[in-house]
1. Give the long-range amide H neighbours of GLN39: residues separated by 5 or more places, or on another chain, with amide H under 5 Å away, using H modelled in the peptide plane at 1.01 Å from N.
2. At a Cα cut-off below 26 Å, give the lysines reachable from LYS198, other chains included and same-chain residues fewer than 8 away excluded.
3. Taking a probe of 1.4 angstrom, what is the accessible area of TYR88 in Å², to the nearest 10?
4. Which net charge results when you count Lys and Arg as +1 and Asp and Glu as -1 among the other residues whose beta-carbon is under 11 Å from that of LYS137?
5. Straight-line reach from LYS252: which lysines fall under 24 Å, measuring Cα to Cα and dropping same-chain residues less than 8 apart?
6. Among the GluC sites (Glu not before Pro) within segment 66-175, which fall in a DSSP loop and have no more than 11 other Cβ atoms within 10 Å of their own Cβ?
7. Whole-Hz Karplus ³J(HN,Hα) for segment 84-90, in order, using 6.51 cos²θ - 1.76 cosθ + 1.60 and θ = phi - 60°, x for Gly and Pro?
8. Give the accessible area for ASP148 in Å² (nearest 10); use a 1.4 Å probe, count only protein heavy atoms, and leave out ligands, DNA and RNA.
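The values are calculated or read from the model by the stated rules, or taken from the named source; none is laboratory data. Since the model is a prediction, treat every value here as computed from it, not as a measurement. Heads up, the Cβs are rebuilt from the backbone with ideal geometry, glycines too, and the neighbour counts pull from every protein chain shown. The accessibility values were calculated without ligands, DNA or RNA, using every heavy atom of the protein model including side chains. Shrake-Rupley method; radii C 1.70, N 1.55, O 1.52, S 1.80 Å.
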Amino acid sequence: MISYTVAVIIVLLIVLATQMFKVLREYERGVVFFLGRFQEVKGPGLIILIPFIQQMVRVDLRTIVLDIPTQDLITRDNVSVRVNAVVYFRVVDPQMAINNIESYSDATSQLAQTTLRSVLGQHELDELLSERERLNKDLQSILDQQTDDWGIKIATVEVKHVDLNESMVRALARQAEAERNRRAKIIHATGELEASNKLKEAAQMLNEAPNALQLRYMQTLTEITTDKTSTIIFPMPINLVEAVSDIARAVKATQEEKQKGEEGEEKE
């Protein structure tokens, strides 16, 4: 009987010790209740509790990564998509996280799912694909405001994937190709316009300085001589052609006058 009593006492002491002494890590806090009423938040370190009088609930203060399941939604332009996201949050007020909500992790997950559908459903597909950073900030702001009463801080919300059906993927591919062709035509037309303006300016400058045209011809000949070609075409200046034409007309006029003079002498 004595040994049995000693064993029972030892077991009771061990149970009391486990109920009385608690060790909380640096990232943990303990919400202590005294006969069911909230008393205080303790930790980290060694916590001493009165067995069966005080109870403690552990709360982890580290950032929790919450994966949001894939949600089906319809965008504002009536496109059906499947979207999933990830939420990073942490507890900033252990008392509110325990007293104001039954399970803050499950509640945050459900709230994130409904908010994801409602917020992204208000935007068009192009915004979901191109303005994801802005949408992430909007989701984070809305969730952070709604979880403020739970002692929860939403650090980041990231939309991971936006899945489309095959027909929509093909339609987007055709749209992207048409957009690339449009941009290529605009760039080509812009280049032609700039080139024509530069040629116009060059022609005006050469017209104001005729000697510059001769220098340009000489530069062109210099560049041609550096090429290993068997045939070289020398450009003939327009001024030279006009001068030769003027000389030919003058010679012809002189000959006609001379011929008329000879005919007049014969008649006399």
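1. The list, which skips near neighbours in sequence, is VAL32, PHE33, PHE34.
2. Counting by Cα, and skipping residues close in sequence, LYS198 has these lysines nearby: LYS185.
3. Taking all protein chains as shown, TYR88 has close to 80 Å².
4. Charge balance near LYS137 sits at -3.
5. Of all the lysines, those that pass the test against LYS252 - Cα under 24 Å, at least 8 places apart if same chain - are LYS260, LYS267.
6. Listed in order of number, the matching sites are GLU102.
7. 10, 8, 9, 10, 10, 9, 8
8. Rounded to the nearest 10, the figure is 100 Å².
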